[in-house]
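The next block holds one structure in the form of structure tokens; read it before the comments.
None of the figures in this text is laboratory data; all of them are computed from the coordinates on show. In this text the structure is predicted, and so the values were computed from the model without any measurement. Note: ideal-geometry Cβ built from the backbone for every residue, glycine included; neighbour counts use all protein chains shown.
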Amino acid sequence: MEAKNTRKTKVGVVVSSAMAKTVVVEVERTVLEPTFKKYIRRKSKFMAHDESGKCRKGDTVEIMECRPLSRSKRWCVTRMVKQQALPEAVEVA
């Protein structure tokens, strides 16, 4: 019998990786505006635990709920969906 995984997952973009083993992930969602019936974008930022330290700014990652790791960290990075291309070295002639 398989155990159900009831933890929430979200996909977002890393906006900061300046801290040790912590990244800030921005998750974007669309909501219907009730008066004008138009979809608008809402953004939320989550601090997530990155054990490997491989996530960089601009990477798209999947985060999952986990136990509280600090005052603000309740999410863990589970996988890297898309890695940001590294800028190539520009040769000066």
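Descriptive notes on the structure:
- Restricting attention to region 44-78, the residues that are among the charged types (D, E, K, R) and closer than 13 Å to residue 11 by Cβ total 2.
- Among residues of region 66-77 that are charged (D, E, K, R), those with a Cβ under 9 angstrom from a residue that is assigned to a loop (DSSP other than H, G, I, E, B) and exposed (fewer than 10 other Cβ atoms within 10 Å of the Cβ), sequence gap 6+ or separate chain, pair up as 74/67; 74/68.
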